Amino acid sequence: MLYIIVLLVLFQLSVPLTVHAYNGDCYLPGVLIEYSNEYDYECACAAIRETRHFLEQYPIQLDQILYIRFKDNLYINHYNEHGTYILTEEVTGSYDRMDGTILMLSMGSRATHIPSFLGTEVTKEIYISMIAHEIAHSYLDSHHLKSNSFLPDRATHEFFAYTVQFEVLTESTRKHLLDHWREYKFGSNEAINSIVYLGHPDRFGVMAYRYSRTHQSMKQIIAGKFISGDYMISQEEADHDVPSPRKRLAKARW
Ligand SMILES: [Zn+2]
């Protein structure tokens, strides 16, 4: 009897921990969304539609595989170039080149809290733009991995992803976010580097969007012709043994 009671108690305890995962494709070929909350699925489909709509003007393939999984907690480990573990960071979204997966912290789940974006509370619209950011990484990566072109480095990838993120926002939300960071802009391609990015990633995003409005950077990134500050600096410091951007990025997660 006691055994049965214990089993029943364990069963009761396990019920709230059981999360049902569903799969959806937003009625698009090559798309797989794994979610447990309808709200997240809706946001993912909106993000795919809006990202594609914006990127349609560029010569980039948009029928590539997209795999998005929503999670109730999301941590990524950082390693240095020798593969030694540095730290674990909690993030809202990430794209992993090794398995082509986009992971997103669920906004539909009550168990999660999405941190603010540029000091503004994350609304559904901003959340959709965050998913669009990761989708942009995925599209750009697939595009360059398929072609033999120059593989963009970290700063270049983030430049592209943030530009897409700001482009899919409504004009009023975008203006609200940009108005808080009026003074921030890139003066040249050299300034677009991973040090500026790591100093304040979202502020880097504001600067990327502004720069892309007056430069042909998006076209150049897609064509593999955009040379970011990281590469320019590494070339200046090089004697003869600088790894090519393709080698340096064999493994990448953004
Ligand atoms: Zn990113």
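Taking label positions 7 Å along the Cα-Cβ direction at both Lys219 and Leu28, the computed distance is 2.5 nm, reported to one decimal.
Per-residue extension of 0.36 nm, minus the Cα-Cα distance of Tyr58 and Asp99, leaves a gain of 12.2 nm for this segment. Listing Thr163, Thr51, Thr112 from fewest to most neighbouring C-beta atoms within 10 Å gives Thr112, Thr163, Thr51. Sequence-ordered 3J(HN,Hα) estimates for segment 23-38 from the Karplus curve with 6.51, -1.76 and 1.60 and θ = phi - 60° stand at 10, x, 10, 6, 6, 10, x, x, 9, 9, 10, 10, 8, 10, 9, 4 Hz, glycine and proline given as x.
Rounded if a/c is under 1.5, else prolate if a/b is larger than b/c, else oblate: which is segment 52-110, with a ≥ b ≥ c the root eigenvalues of its Cα gyration tensor? It is oblate, given that a/c is not under 1.5 and a/b is not larger than b/c. Karplus-derived 3J(HN,Hα) values for segment 211-222, using 6.51 cos²θ - 1.76 cosθ + 1.60 with θ = phi - 60°, are 5, 5, 6, 10, 10, 8, 4, 4, 4, 5, 5, 4 Hz; glycine and proline are entered as x. Each part reduced to its alpha carbon centroid, segment 147-177 and segment 25-53 end up 19 Å apart.
By other beta-carbon atoms within 10 Å, ranking Trp254, Trp181 with the fewest at the front produces Trp181, Trp254. Percent of Cα pairs in segment 25-248 per distance bin of 10 Å, from zero to the largest separation: 8, 33, 38, 19, 2, 0.
Across segment 25-248, Cα pairs under 8 Å and at least six residues apart give a relative contact order of 19 percent. Taking Lys and Arg as +1 and Asp and Glu as -1, the other residues whose beta-carbon sits under 13 Å from that of Ala21 total -2.
Any of Lys124/Lys225; Lys185/Lys219; Lys175/Lys219 with alpha carbons more than 31 Å apart? Name them for me. Over 31 Å apart, Cα to Cα: Lys124/Lys225. What are the ³J(HN,Hα) values, in whole Hz, obtained from phi via the Karplus relation 6.51 cos²θ - 1.76 cosθ + 1.60 with θ = phi - 60°, for each residue of segment 101-116 in sequence order, with x given for Gly and Pro? Going residue by residue, I get 9, 9, 10, 10, 6, 5, 8, x, 7, 6, 7, 10, 9, 8, x, 5 Hz, with x marking Gly and Pro.
Values quoted throughout were computed directly from the atomic coordinates according to the rules given, and no laboratory measurement underlies them. Computed from a prediction, not measured in an experiment: that's the story for all the values here. Every residue, glycine as well, gets a Cβ built from its backbone with ideal geometry; the counts of neighbours run over all protein chains shown.
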